[in-house]
Amino acid sequence: MGEHGSELEIVHLLRKVTVEFGLRQAEFASRNGMHPTDVRALICLLDAEREGTGATAGWLGAQLGLNSAGTTAVIDRLERLGHLTRTRDPRDRRRVLLAVDPRAVELGWAFFGPLIESTVTVLRDFDESETAAVRRFLSAAHQAVTAIP
């Protein structure tokens, strides 16, 4: 590992975490009759809701890197499963907004809740500066990953 030993160790730990998250997402998808892309779509929609972003089919397709037909297939599948709702935008009736159905949120919490809770418990042991450092690192790592063409 040479001069980057401790940094590479952290990168490898991050990779381990992301691989495990991916495996859990695939397991959740499999248990609930979904494709892994469906889980990614739900995550994108939940993130959009938290950020106050009105999620449309075009927006979701851009987030997932899918063409129009692929995006429609994901949306139709999730709607058929009862995980997604489509509603007209009250400010612009031409736009259709996508949202995660509350039953899907409950299903997600039933599966991912223990993992989220244990992670939050670990973070509660960190002081403000440690939490800020973790946030700064993960934000920078996310930027680095998304900057790759």
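Observations on the structure shown:
- Residue in segment 49-72 that is closer than 29 Å to A140 by Cα and basic (K, R) present: yes
- Of all residues in segment 44-57, exactly one satisfies the criterion of being surrounded by fewer than 12 Cβ atoms within 10 Å (Cβ to Cβ), part of a helix (DSSP H, G or I) and not basic (K, R), namely E51.
- Looking across segment 1-43 at every residue that is free of Cβ contacts under 8 Å to residues at least 60 places away in the same chain and basic (K, R), the one that is least open to solvent (accessible area, probe 1.4 Å) is identified as R40.
Condition check ((1) of a type in the set (S, T, Y); (2) out of contact with any helix residue (DSSP H, G or I) (no Cβ under 8 Å at 6 or more places or on another chain); (3) modelled with pLDDT of 95 or more) across all residues:
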site: R77; (1), (2), (3): no, no, yes
site: L84; (1), (2), (3): no, no, yes
site: G108; (1), (2), (3): no, no, yes
site: D127; (1), (2), (3): no, yes, yes
site: T131; (1), (2), (3): yes, no, yes
site: R136; (1), (2), (3): no, yes, yes
site: A147; (1), (2), (3): no, yes, no
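The values are calculated or read from the model by the stated rules, or taken from the named source; none is laboratory data. Here the structure is a predicted model, which is why all the values come from computation and not from measurement. Every residue, glycine among them, receives a Cβ derived from its backbone with ideal geometry; neighbour counts consider all protein chains shown. Side chains included, ligands, DNA and RNA excluded: accessible areas come from the protein's heavy atoms. Shrake-Rupley method; radii C 1.70, N 1.55, O 1.52, S 1.80 Å.
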